[in-house]
1. Skipping prolines and chain starts, which residues have an amide H placed within reach, meaning under 5 Å, of the one on LEU364, given they are 5 or more residues away or on another chain?
2. Quick one: check the C-alpha center-to-center distance for the range 270-333 versus the range 129-201, whole angstrom.
3. Around GLU43, with a cut-off of 14 angstrom between Cβ atoms, what is the net charge of the other residues, counting Lys and Arg +1 and Asp and Glu -1?
4. Pull the list of the chain cysteines that no other Cys approaches to under 4.7 Å, Cβ to Cβ.
5. Ranking VAL95, VAL302 by Cβ neighbours within 10 Å, fewest first, what do you get?
6. Multiplying the sequence separation of ASP294 and LEU60 by 0.36 nm and subtracting their Cα-Cα distance, what value in nm do you get?
7. With 21 Å as the cut-off, how large is the P(r) tail for the range 231-341, expressed as percent of Cα-Cα pairs?
8. How many percent of Cα pairs in the chain exceed 43 Å?
Amino acid sequence: MRPPARTTVVVLASLFTLVLGYVNKARCAGPPFSILGRSIKFEALKNVDVCYSDIQYLWLGRDIDNHVFPFVHGGITSSGSLFGGTVEYPVLSGVLMWIGAIGAHTDAAFLLHSAVLLAPFGLLTAWLLGRMTGWRALWWSLSPAIVLFAFHNWDLPAVAATVAAVYVMTQHRGTARSRGMVAACLLAVGACLKLYPGLFVLPVALAVLWAPRGAPDAAGPGAGRGRTGRPDVRGALAVTGTAIATAVLINLPFAVVGFDGWRASFAFQGLRNADITTNSIWYWGLRPLIGDDDVYNSAVSVVSPVLVVVSFVLALGWGVRLARRTGSYPWLQVSAAMLCGFLLLHKVHSPQYVLWLLPFFVLLRVRWPIIAGYLAANTVLGIALFRYYAALGSDPGAAQNWEYGVLFGVWGQAALLALLFVALLRAAPARPPRTRSRGRGRVPSERAPDFADTARALGTGTRP
């Protein structure tokens, strides 16, 4: 099958799972409604039927139902509650929430509008991954995580921005500096949707640093500081500056017009404790050992960010070590490992964060049992967690049983994230799809040289 046909199948498969994802969440929505437009059945079914979504939940409590433009008139109370249109997400996600509420007067309509708004980003991600990797993109399109979490929160636009940045870096012609600057702009947009894409700006800047200055397709064979001249310091600074400038330009209007509301979104996340809703190793591992909640929360607020930074340093340092030996910085592998470190060690680990990691399973060649194991642990967590919430306080025996599922999901994901931190650093990039010429056998389709070159530099083989 030719690459365009493969990509079409990948996109259609993604459309199928996205529709299933909406149908799954819509089981919690619909008449009758309260006077505030809340589906009466939401409270009764959201945990028992595992159809909860932050989208439907946040219809109330953030002035979304009142169609208040986000951040401008908002703030945070002394007790940590948001008000006046401020939401706990970066500014572009807040704008998407406001757009999704236009014309909606119930949580069911808001869920539907939001799904229609978010679905194209899921399809764009599938299309880009299909273009870059062919059939491997089905790890994205047919993942159970899409059904469970595509419309759980507003993650799909940030994922699409991240994958678009990878596409620019690996598929476009031009100098490493120019591609890096475009990718940095996309990652900054992603960071204004969900913060995590901002993590990848530094690996991209280091990739440009090690690329030869001014040469087209600078990330290709023979590129790099170790083989051709001095590092491109100006290029690396340009990449970093582009990301900062983009983020500032997007955030500045909100900070100027409604500083208190804009600042409150960051304050809210800073004040959040690693409680039962966070699904982190800290709540299920450290808290039982300490016991005292005040001591526990104080310890996590220090230990978690310190260890996250340590994981970043280890990943970036490994990349520098390899770049010194090969002349090519493995920015894609380092980015994936940094994300694993963040997911493992951050105080909050919502189950829908699997959507952030899925594209790296497509773009880097990790053994399929590891991917399947991670998705299985995530699926168990995504189901058991809400059944556990439903049973708490009403059925202690059932709660205990579902808690085992939660523990399996939390610790299964944690163990595999630790393994993936190493495996992704050593993984070869997936080869772009190949096509068949008429009567002349297989010939490679056009591809970005850095995929093949990085695979050779890593020396990890090309097994799927």
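Just so you know, all these numbers are worked out from the coordinates, no wet-lab data involved. Just so it is clear, the model here is predicted, and its values are computed rather than measured. Heads up, the Cβs are rebuilt from the backbone with ideal geometry, glycines too, and the neighbour counts pull from every protein chain shown.
1. ALA430
2. 23 Å
3. Net of charged neighbours comes to +2.
4. CYS185, CYS192, CYS340
5. Values: VAL95 19, VAL302 9.
The fewest-first ordering by Cβ neighbours comes to VAL302, VAL95.
6. Working: separation 234, 0.36 × 234 = 84.24 nm, distance 2.98 nm.
Working it through step by step, the gained length comes to 81.3 nm.
7. Values: 3697 of 6105 pairs.
Tail of P(r) above 21 Å: 61 percent of Cα pairs.
8. Numbers: 14747 of 107416 pairs.
For the chain, the fraction of Cα-Cα distances above 43 Å is 14 percent.
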